[in-house]
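J.: What follows is a single structure, and I will ask about it in a moment.
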Amino acid sequence: MPVSALYEYYNICDKDLPAFGWSDVRVCYCINLTADGSIDSIVPLFDADVRYAVALLPTRTISTTDTSVLEHRCKYIFGFDTEKTTIEVPCVVNDKTRSAFKKFAETHKQFFADLDSPVCKAFYNFLHKWNPDNEVNNIHVTSILRECKKDKRKKATFVFNLSGYSARLEQDSQFINKYNTLFCENKSMLNRCDLSCTQFNDLYSKIGTKIKEPLQAMCPLSGEVANVAATHKDIFGMFTDKANTLVSYNQPTYCSYNKKGSYNSGISAESAHKYTTAMTALWRDENHTKGFAGMQLLYFALKANDSGECKYVSNQIQYCKEDVSDPAEVDVLLQDTMYSIANGVAADTENMQILDNNAEFCIIGFKENQKRLAIKYFQRNTFGKLKACVEQHIQDMSLEGLQYTPVLNQLKAALLPYKLQKYVNGEQSKVTDNMCTGLFSAVFNGAPYPTAIYNTMLDCVKRDKYSEIELGNSNPGERKRIRTLVNTRMAFIKAYLNRQARSKGNKEEFKMSLDCENKNVAYLCGRLFATLERVQDCATEGTLSTKFATNLAGACKAPNVVLTQMLRISSYYLSQMKSEGLAIYFKKLIAEILNKCGSTLPKYLGLEAQGAFLLGYHQQMSAFYTKKNKVTENGDVTENIVADDSTVSSVVAEETVTNNVV
């Protein structure tokens, strides 16, 4: 399960993650105090790119009315209400905020009374000196609160420091040691089953937390009897600035056996801290996360250093950052990726890392569902098996005309027709959640490719044929872009058909380049259509190429009707060719294909057969434009011969080299 995998990841990487009782908290400002507890200044902890800093603070209370050790919220620190205020009057004091500050001051006075470090003494003096009613117009605080009112992205969250002192209050060694001692002592007591609710609250009050009702159960993650977590920590910023929860039982329908809220999960407070902390750390690390079609992917190996394995998986989703546009730089990155796939190392030319095939590797796909996080995809397997599945995917996707195997982001882009690429954001494409999960399963787990993606690819290939015809030769760059999309789609169609055949126990039918020995009728029909289109193109020198090309969609569905008409018309174009040898060559090719098709052409083709048709069409057209061939007077083809002036008269036609590979 995903929660169990995150829990295990924390236990492996616990030295680098906050311990139980501590949490990473987003704070925006630092309050610099003088030795007597006065505010010297308040400075921001963020810059233009990052709107907050992360501070390691004691875990917050689960209650909105109680205070935690070393609070960072404005209501408790200053006793100010900032929710229903304006820029002109950024803060007010009321009974609720006075009570909050009073609890904050009493708890911290008791905690810091015996600490004598300079920053602890300054904070202790601040608690005695600050009075919310007298400081409501404090220039330092009000200016910051006005700034937060103007920019909603900035939050009124604070940490403390002593002016001129190197370490902040939460980093002070005396404070850390005392908190850890109290927390560890009371944590062992909290696991006792014979304590009343009052005794539980007395223990929790020493570390600044209270619980509503003590409940103990065997934790499904740790296997130990422990105090069940009443709530699970929110995950901030995964999709928006709002908080999201992975485990949530807020609705009354989740109540079971008189248990309310997250008590139904049975997960202990310590285990809840571990999996939420691991999850937060992973999504903040760009090496462990990628966005895909509105879904957030987290991937990690259950080992101490998993950067190599994560880089490998990341390169299957997206080659490089979006801001890399230099073709030479992209080529280098693609070569690194292909090297990593072939040699089982991370794509890092400066520091190659050998990948651990025995390590457990997990991929989790999240999507926002109001306040909750919905798990749309989960996979856990050895990295060796995952790598084998990726290599099989690359082999299935291999196609003549593709220099590199398309990654997932390129497959997603190919699901939109060319004309919609300019107007629709990639995240709003036709990729549904089921298509995403099916694609992940196919690439990383060896499952069949999604039929919905295959059908969409077929439709886009047919539609983009018209777009390419409309462009003509007026815009070579855009024609090249269309061909790139078509090559990607044809690679997927080939991969889909071959994997479907393997799943049924049949032999793979389609190769990466033109297969003249393939006897699949739909594939032969596609080859025949390409040949007839090429005949027209050669006879008219490209001036009437649209006449046959626009029939692609119809021929793909009903080849008998369309191809029969095209065969009749092609006899005219063969007679109009300036080169008799070239006409004989095409006649031989047409006759060869028709002999393999049998006595009659199929009346209708199903969806899988339409894919074979388009693949035959694409590979035959690529063959026409790939090799430099010379056709002799008797229609025979001589490959790779360079003609000089003395032999030109004996050569009837020459196929020029054209590279239509992007």
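What follows is calculated from the coordinates using simple rules that are stated; it is not laboratory data. What you are looking at is a predicted structure, and each value in this text was computed from that prediction instead of being measured. FYI the Cβ positions are ideal-geometry reconstructions off the backbone, even for glycines, and counts take in every protein chain you see.
J.: Expected output is a single nm value to one decimal: the length gained when fully extending between E224 and K578, i.e. 0.36 nm times separation in residues minus the C-alpha distance. What is it?
T.: 118.7 nm
J.: Want the number for K150 to L56: 0.36 nm per residue separation, take away the alpha-carbon distance, what's left?
T.: Numbers: separation 94, 0.36 × 94 = 33.84 nm, distance 2.74 nm.
Residue separation times 0.36 nm, minus the Cα-Cα distance, leaves 31.1 nm.
J.: Using a 7 Å offset from the Cα along the Cα-to-Cβ direction at both A501 and I375, what is the distance between the two label points in nm, to one decimal?
T.: Result for the modelled spin labels: 3.8 nm.
J.: What distance in nm separates the two pseudo spin-label positions at N287 and D40, each 7 Å out from Cα along the beta-carbon direction?
T.: Simple spin-label model gives 3.7 nm for this pair.
J.: Please express the shape of the stretch 483-529 as an equivalent ellipsoid: the semi-axes are the square roots of 5 times the eigenvalues of the C-alpha gyration tensor, given largest first in whole angstrom.
T.: Gyration-tensor ellipsoid for the stretch 483-529: 18, 16, 8 Å.
J.: So if each residue of separation counts as 0.36 nm, and I subtract the Cα-Cα distance between I87 and D24, what length gain in nm does that give?
T.: Full extension of this stretch gives 19.7 nm more.
J.: Order these peptides, 97-107, 127-137, by their mean beta-carbon neighbour count within 10 angstrom, highest first.
T.: The densest-packed peptide leads the list: 97-107, 127-137.
J.: Now a separate question. Label points 7 Å out from Cα along the Cβ direction at K587 and S99: separation in nm?
T.: 10.1 nm
J.: A further question on this structure: As an exercise, use a Förster radius of 45 Å and the Cβ-Cβ distance of D116 and T432 to find the FRET efficiency, rounded to the nearest 0.05.
T.: In this case the efficiency is close to 0.15.
J.: Okay, next question. Between A413 and M1, what FRET efficiency comes out of the Förster formula 1/(1 + (r/R0)^6) with R0 = 30 Å and r the beta carbon distance, rounded to 0.05?
T.: So the FRET efficiency works out to roughly 0.35.
J.: For the charge dipole of the stretch 350-399, defined by +1 on Lys and Arg C-beta atoms and -1 on Asp and Glu C-beta atoms about the Cα centroid, which residue among N358, L386, L373 has the Cα displaced farthest towards the positive pole?
T.: L373
J.: In addition: Do any of K290/K557; K311/K462; K96/K121; K274/K311; K480/K578; K96/K290 go past 32 Å between their Cα atoms, and which?
T.: K290/K557; K311/K462; K96/K290
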